[in-house]
Amino acid sequence: MSLVLVFVLGLCTGLLINAWQQYRFAQQVEQLLQILPVALQDTSSLAPLYRLRRSLHRLLETQQTSQQQGQLWTKILEVAPIGYLRVDAINQLLWCNPIARQTLNIDRWQPGQVRLLLELVRSYELDQLIETTRATGQSQDQEWIYRSTTVAKEDWAVPTPYAIALRASTLLLPDNHVGVFLENRQSIQEALQARDRAFSDLTHELRTPLTSIQLVAETLLRRLDLPEKQWVEQMLRELKRLMDLIQSCLDLSRLTSHPDQLLHCRSVRVTTLILTAWQTLVPIAEQKKLRLCYHGSAELELEVDVERFIQVLLNILDNAIKHSPEGGEILVALNTPGPDSDLANWHTIDVIDSGPGFREDEIPFIFERLYRGDTSRQRLETHPQIKSPLTNSGSGLGLAIVQQIVIAHGGLVTAQNHPHTGGAWLQIQLPNIH
């Protein structure tokens with residue numbers, strides 16, 4: 001009897017232990033199910049182990065799908081016509097496609113290697129672009145000339161310099177990784193240079209026959225009577241307009257190719273520059289009862305070529321006058337940021353008119369040579385009596401010359417619409433060399 005009792009007690013104990021273990025196992029399976037993503041969890045009333053098996057099967061399928069998609073994107077990037085590279089949180093190059101290797105002249109990296117990007121690509125611009133992307137959390141864009149040295153393949157060969165125009169766009173990825181898309185803009189750069197050379201050659205060629213025509217017309221003028229004399233005078237006025245346009249083209253070409261040779265900088269007050277330019281345009285401004293408002297220091301001096309910089313202000317203020325309504329206001333503001341500002345080493349001159357502003361689709365082309373927006377032409381036709389001296393009114397060269405003069409001074413000029421007034425807003429940034 002005692003043996004039977006011991007057997008029954010042992011059996012009950014074993015069943016209890018087994019039930020407890022089954023319960024603990026079911027709880028552990030439930031915990032594992034909770035760890036899985038919600039989309040993969042099986043919420044049916046089946047046994048936990050069966051639900052876990054189904055969830056793991058879904059997870060495996062999802063992983064295989066993700067792996068296939070990753071392989072597909074890798075293949076796409078490998079044959080993409082633009083370069084792509086990816087770096088980790090400490091700027092180690094994890095992967096780059098063949099176009100990126102060719103564009104950046106990377107010949108010491110093979111797929112699967114992990115090396116610091118700086119060891120392979122000595123580009124301060126690219127390194128700063130990646131760091132700015134991490135610091136701001138925003139995608140960045142930049143254009144620059146990438147320069148390196150081609151490694152000689154033979155011992156006797158001399159390494160050759162390598163330079164290419166690039167545009168890079170970045171994307172912040174998980175874990176502080178950064179993806180960089182590279183666009184080779186060398187062909188575009190060369191096409192622009194060819195255009196500029198053709199532009200310069202054409203203006204040189206046009207100048208000689210126009211000068212000859214002008215001399216003939218001046219000779220005829222002294223020998224003719226009315227009404228023929230009036231026709232020749234009209235022709236001479238048109239010839240002068242063409243000669244002025246040719247001279248503007250030549251100035252633009254020289255500023256582009258040899259900016260340093262054309263500048264004769266000296267220190268001058270900003271207010272002197274602004275008032276000199278405005279006094280030239282006062283007769284035109286008075287026709288529309290426009291006011292000039294200046295905000296900023298009256299003592300600040302800039303190191304600039306006075307004649308060239310007055311030309312910059314003439315062109316900008318002339319445009320502001322044309323596009324402002326009668327009785328409006330033109331604001332010129334000088335801003336010198338404090339030492340803690342991102343623009344601490346720059347002086348900023350803002351010119352804001354009270355007109356309708358630029359069309360959004362024409363802003364990227366504002367500084368292009370010979371570009372004239374449709375709205376600008378309509379305004380000129382509406383006010384044909386408004387003509388300004390010493391500017392390139394209506395030629396499409398005024399703002400192109402402005403840009404080249406500012407660049408020659410080491411500065412930057414941008415165009416946009418003011419967020420509050422909606423008027424055209426031209427901003428000049430000049431380095432603080434004091």
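Couple of notes before you dig in:
- Residue in the range 325-347 that is in contact with an Asp or Glu (Cβ under 6 Å, 6 or more places away or on another chain) and at pLDDT 90 or above present: yes
- Summed over the range 80-102, the residues that are of a type outside the set (S, T, N, Q), in a loop (DSSP other than H, G, I, E, B), within 21 Å of Ile164 (Cβ to Cβ) and without any contact (Cβ under 8 Å) to a residue 60 or more places away in the chain give a count of 2.
- Applying a threshold of 7 Å to beta carbon distances and a minimum spacing of six or more residues, or different chains, the list of pairs starting in the range 259-288 at a residue that is over 25 Å from Gly411 (Cα atoms) and ending at one that is of a type in the set (A, V, I, L, M, F, W, C) and modelled with pLDDT under 90 reads Ile284/Ile386; Gln287/Ile386.
- Evaluated against (1) assigned to a helix (DSSP H, G or I); (2) surrounded by 12 or more Cβ atoms within 10 Å (Cβ to Cβ), Ile330 falls short on exactly one condition, (1).
- Flag for Leu192 being of a type in the set (A, V, I, L, M), over 24 Å from Val79 (Cβ atoms), at pLDDT below 90 and not assigned by TED's automatic domain parsing to the domain that holds Asp88: yes
- Hey, Glu303 of a type in the set (Asp, Glu) and at pLDDT below 85 or not: no
- Residue within the range 380-402 that is part of a loop (DSSP other than H, G, I, E, B), in contact with a strand residue (DSSP E or B) (Cβ under 6 Å, 6 or more places away or on another chain), at pLDDT 50 or above and not acidic (Asp, Glu) present: no
- Residue that is surrounded by the most Cβ atoms within 10 Å (Cβ to Cβ) [pool: residues in the range 263-309 that are aromatic (Phe, Trp, Tyr) and outside any strand (DSSP E or B)]: Phe309
- Count of the range 87-118 residues, restricted to those that are under 22 Å from Asp175 (Cα atoms) and loosely packed, with under 14 Cβ neighbours inside 10 Å, is 7.
- In the range 123-137, the residues that are surrounded by 15 or more Cβ atoms within 10 Å (Cβ to Cβ) and either part of a loop (DSSP other than H, G, I, E, B) or not assigned by TED's automatic domain parsing to the domain that holds Arg167 (or both): Ser123
- Residue check for Val312: on the phi < 0 side of the Ramachandran plot, assigned to a helix (DSSP H, G or I) and either among the acidic types (Asp, Glu) or within 28 Å of the chain's Cα centre (by Cα) (or both): yes
- The residues in the range 245-283 that are acidic (Asp, Glu) and under 30 Å from Glu329 (Cα atoms) can be counted, and the count is 0.
- Single match in Ala277, Ala198 (criterion: among the small types (Gly, Ala, Ser), out of contact with any strand residue (DSSP E or B) (no Cβ under 8 Å at 6 or more places or on another chain), under 27 Å from Phe367 (Cα atoms) and assigned by TED's automatic domain parsing to the domain that holds Gly328): Ala277
The values are calculated or read from the model by the stated rules, or taken from the named source; none is laboratory data. Note that the structure is predicted; figures quoted are calculated from it, not measured. With ideal geometry, Cβ positions are generated from the backbone for all residues, glycine too; neighbour counts draw on all protein chains shown.
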